[in-house]
Amino acid sequence: DFPPADRGFHNFDEMNAELDKAVQDHRAIAVRSSIGRSYQGRDIPMLKISDNAAQDENEPEVLFNCNQHAREHLTTEMCLHIINRFTDGYATNPAVKSVVDSREIWVVPVTNPDGSVYDVASGQYQGWRKNRQGSGTDTNRNWGYRWGCCGGSSSNPNSDTYRGSAAFSAPESAALARFVDSRVVGGKQQIRAHIDWHTFSELVLWPYGYTYNNTAEGMTQQEYDRFARVGTEMARTNGYTPQQSSDLYITDGSTTDWMWGKHKIFSFTFEMYPSGGGIDGFYPDDEVIGRETARNDAAVDILLREAGV
Ligand SMILES: NS(=O)(=O)N[C@@H](CCC(=O)O)C(=O)O
Ligand SMILES: [Zn+2]
């Protein structure tokens, strides 16, 4: 479990309990499901938030996934904050209600349960990033769009950016990709927008990560300009820095390159608080959870708006 001083963070069991509570308290607008199992066999839960959540309605869909990197526990709190905001707020906040009534929101709070559990299991943070398959795969280098193409990942299993033995060799990235593939209905991808939540550095990142070029196959100037415009608009609300993923460093096999490259999903990576610091930047005090999750409310609302454009 988390060290005593950081018990404000939800461990895997507490996260699961939060999902069950959201369903119990908001049965009409919250439905729990699973995208599959981790390497060690843990269920990877997902919550759907929408009016008539048990039905697939013809409404734009938005996906949020968190804690793909094990040590980035603040992102699990971000996904739980999104869940609480759009369920608890439904009955009291008309703006929240109109969003929930016009969208289907998918939330995966812990994309990498094995790594996340391992990182805190001993009561001392391990600084762990990857999944727990062999020496660990960096699932954010394991996606199948231009996998391993461009020096943005490692072939060394001991590296923190090990891309895996093949695209989607990691059960966790494969499970999330399988879910997204399943949202192609009548030949049309129903998910319109997505955020993959990470820490840290306070950045809003858009594809592509595999190339320094703004435009490339599958990314026209107009499409790039929309990413930059909306990315900048979101960053203005949370004080993060907006930039193309590759402006940080080249990454290949990343989640957002696949979301856009394969499905044209308007997909961003958010790097949350703090803006800097060494390894301890991954372990902020639990006192910041409320502030640093609510800090992204306006950006989340912008993305939910954009899903309807
Ligand atoms: N969360 S993090 O690992 O420090 N940064 C991400 C950046 C992701 C990206 O550039 O798309 C990564 O390297 O996978
Ligand atoms: Zn990360």
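The values are calculated or read from the model by the stated rules, or taken from the named source; none is laboratory data. Small disclaimer: the values here were computed from a predicted structure and weren't measured. Ideal geometry is used to build each Cβ from the backbone, glycine not excepted, and the neighbour counts take in all protein chains shown.
The helices (runs of 4 or more DSSP H) found entirely in the stretch 29-142 that carry 3 or more residues being touching a His at 6+ places or on another chain (Cβ under 9 Å) and either charged (D, E, K, R) or buried (at least 17 other Cβ atoms within 10 Å of the Cβ) (or both) are 74-88, 113-121. Among residues of the stretch 82-98 being out of contact with any Phe, Trp or Tyr (no Cβ under 7 Å at 6 or more places or on another chain) and of a type in the set (Val, Ile, Thr), the one that is modelled with the lowest pLDDT is Thr92. Say whether the condition of being more than 16 Å from ligand 1 (Cβ to nearest atom), out of contact with any Leu (no Cβ under 7 Å at 6 or more places or on another chain) and farther than 30 Å from Ser122 by Cβ is met by at least one residue in the stretch 6-22. So far as the stretch 6-22 goes, no, none of its residues is more than 16 Å from ligand 1 (Cβ to nearest atom), out of contact with any Leu (no Cβ under 7 Å at 6 or more places or on another chain) and farther than 30 Å from Ser122 by Cβ.
From the list Ser169, Ser173, the one residue that fits, being surrounded by 23 or more Cβ atoms within 10 Å (Cβ to Cβ) and either outside any strand (DSSP E or B) or modelled with pLDDT under 95 (or both), is Ser173.
Yes/no per residue for (1) at negative phi; (2) more than 18 Å from the chain's Cα centre (by Cα); (3) within 13 Å of ligand 2 (Cβ to nearest atom):
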position	(1), (2), (3)
Ala228	yes, yes, no
Gly231	yes, no, no
Arg236	yes, yes, no
Gly239	no, yes, no
Gly253	no, no, no
Thr256	yes, no, yes
Met259	yes, no, no
His263	yes, no, no
Met272	yes, no, yes
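If you check Val99, Val108, which single one turns out to be β-branched (Val, Ile, Thr) and in contact with a Lys or Arg (Cβ under 9 Å, 6 or more places away or on another chain)? Testing whether each residue is β-branched (Val, Ile, Thr) and in contact with a Lys or Arg (Cβ under 9 Å, 6 or more places away or on another chain) leaves just Val99. Here is the figure for the stretch 248-268: residues that are near ligand 1 (Cβ under 9 Å from one of its atoms), at pLDDT 95 or above and surrounded by fewer than 23 Cβ atoms within 10 Å (Cβ to Cβ) total 2. Inside the stretch 68-111, residues that are more than 16 Å from ligand 2 (Cβ to nearest atom), of a type in the set (Val, Ile, Thr) and closer than 26 Å to Pro274 by Cα make up a count of 3. The set of residues in the stretch 65-94 being touching a residue at least 12 places away in the same chain (Cβ under 8 Å) and more than 16 Å from ligand 1 (Cβ to nearest atom) consists of Leu80, His81, Ile82, Ile83, Asn84, Arg85, Phe86, Thr87, Asp88, Tyr90. One residue alone among Glu271, Glu287 is in contact (Cβ under 8 Å) with a residue 12 or more places away in the chain and buried (at least 17 other Cβ atoms within 10 Å of the Cβ), and that residue is Glu271. Scanning the stretch 269-291 for residues that are within 10 Å of ligand 1 (Cβ to nearest atom) and either among the basic types (Lys, Arg) or not in a helix (DSSP H, G or I) (or both) returns Thr269, Phe270, Glu271, Met272.
Taking Val204 and the conditions (1) within 16 Å of ligand 2 (Cβ to nearest atom); (2) surrounded by fewer than 19 Cβ atoms within 10 Å (Cβ to Cβ); (3) not acidic (Asp, Glu), which numbered condition does it fall short on, given that it satisfies the others? Every listed condition holds for Val204 apart from (2). Among the residues of the stretch 285-297, is there at least one that is within 14 Å of ligand 2 (Cβ to nearest atom) and in contact with an Asp or Glu (Cβ under 6 Å, 6 or more places away or on another chain)? Checked against the condition, which is being within 14 Å of ligand 2 (Cβ to nearest atom) and in contact with an Asp or Glu (Cβ under 6 Å, 6 or more places away or on another chain), the stretch 285-297 yields no hits at all.
The C-beta contact set for the stretch 128-147 (first residue over 21 Å from Tyr283 (Cα atoms) and more than 16 Å from ligand 2 (Cβ to nearest atom), second residue in a loop (DSSP other than H, G, I, E, B) and aromatic (Phe, Trp, Tyr), distance under 7 angstrom, 6+ apart or interchain) comprises Gln133/Tyr39; Gly144/Phe168; Arg146/Tyr210.
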